[in-house]
Amino acid sequence: MVMVVGSSVSSIKALWETRISKISREREEEQKRRAPKEKKRENSLGVGVWEDRALLSRLKQKLQTEDGRLVLRLEQEDWRSLPPCLLHFTQVQEWHMHRVGLQLLPSFIHSFQNLLVIDLSRNAVAHIPREIGQLSRLKELLLSYNRLSCVPEELGQCESLERLELAMNRDLSALPLQLKQLTRLQHLDLSMNDFCEFPECLLELPALEWLDLGGNRLQELPYDIYRMEKLHTLWLQRNELEKLPDNISLMASLDTLVLSSNKLRDIPPLMEDMSRLRFVNFRDNPLTLDVALPPPKPKQTKETDEEGEEGEEEEEEEEEDDREMFGKEFMQLYIHEARKRAYAALNVHCAFR
């Protein structure tokens, strides 16, 4: 009986030792397999930390003080995205990053509450994060020559914004109505985009003074464009405008109006009464009437040598160009001629009654 029990104990002990040995070997093999991966991960973490430190050092070198403001200026480098280590510089007041290949604005942009100016012109930015609406102190946002196709409605929450430039974003064709909340916006550049309709929100901007919509595909202007009471400069060249609303004459502050290279057939007669209009350009429009300015009065000049005569000829040509580009004299002459022909046609009609 004792021998049987002793034999059983020995068997169990041998079996247990075998299992322990097997488990130990498996653990050692697993550790050997995992060791290279862990080493690689540790190396990767080490490289990541080193890269962050290198980027941080590189960004520090781009910081400078200009006119009392802390400015981050990057020019013609490779920054396709902005690294998280940029959060070490939330005190920066201006971003100027030109031709750096930037494709994306980070969502952590809301952390930069001191930003007054964001200038990211001539990059490849295709998206504006909604978080930009949290930048309540932002005064200038310059994103011309990028790849934007839309603007987030949250941009309307940037209550301090005074200057917005979105020129040459070829797929941009509309603006959210919420941008009417930008009550301090004075300067807006939407040129060389794909607008077919005049953005409705623009009529609601009480402080807007300067607007460029040239190089789009606008076919008409809103009849109530006169609501833009403070607008003094309006660029509409290279569109598809076929007529102007009569109410454009009620734009009391307008002094510069560029309408070259459109499809205009006539000039509203009431524009003759726009006393503040200083510069207007109707060049390259298929106007119905063929009207030409009279030649300038010749100036009395003394005899000069050949070189002097050539100089005077060039000066006269420049003066003629200035008259044509200025356009107000041409506009008034056109309206006068149109009115005269209308009266003549009316008289003929009455004579045959």
Within the range 71-80, is there a residue that is hydrophobic (A, V, I, L, M, F, W, C), open to solvent by 20 Å² or more (accessible area, probe 1.4 Å) and touching a Lys or Arg at 6+ places or on another chain (Cβ under 8 Å)? no
Can you find, within the range 183-201, the residue that is most open to solvent (accessible area, probe 1.4 Å) among those that are more than 20 Å from ASN146 (Cα to Cα) and charged (D, E, K, R)? GLU197
How many residues of the range 234-259 are assigned to a loop (DSSP other than H, G, I, E, B) and open to solvent by 40 Å² or more (accessible area, probe 1.4 Å)? The answer is 5
Taking the range 211-233 and keeping residues open to solvent by 50 Å² or more (accessible area, probe 1.4 Å) and either aliphatic (A, V, I, L, M) or under 20 Å from SER261 (Cβ atoms) (or both) leaves ARG217, GLN219, GLU220
Select the strands (runs of 3 or more DSSP E) contained entirely in the range 78-193, then report the ones holding at least 1 residues which are out of contact with any Ser or Thr (no Cβ under 9 Å at 6 or more places or on another chain), basic (Lys, Arg) and within 28 Å of GLY215 (Cβ to Cβ). 163-165
So, first residue within 11 Å of ARG130 (Cα to Cα) and at pLDDT 95 or above in the range 143-160, second residue open to solvent by 40 Å² or more (accessible area, probe 1.4 Å) and not acidic (Asp, Glu), Cβ within less than 6 Å, six or more apart or across chains; the pairs are PRO152/ARG130; GLU153/GLN178; GLU154/ARG130; GLY156/GLN178; GLY156/GLN181
Residue tally, condition of a type outside the set (D, E, K, R) and modelled with pLDDT under 90, over the range 283-341: 15
Does the range 260-281 contain at least one residue that is farther than 26 Å from LEU175 by Cα, of a type in the set (S, T, N, Q) and either buried (at least 16 other Cβ atoms within 10 Å of the Cβ) or touching a strand residue (DSSP E or B) at 6+ places or on another chain (Cβ under 8 Å) (or both)? yes
With respect to CYS85, determine if the residue is more than 19 Å from the chain's Cα centre (by Cα), open to solvent by 10 Å² or more (accessible area, probe 1.4 Å) and in contact (Cβ under 8 Å) with a residue 24 or more places away in the chain. yes
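The values are calculated or read from the model by the stated rules, or taken from the named source; none is laboratory data. As the structure is a prediction and not an experimental result, all values here were calculated from the model. Glycine gets a Cβ as well: all are built from the backbone with ideal geometry, and neighbour counts include every protein chain shown. All accessible areas refer to the heavy atoms of the entire protein, side chains included, with ligands and DNA or RNA removed. Shrake-Rupley method; radii C 1.70, N 1.55, O 1.52, S 1.80 Å.
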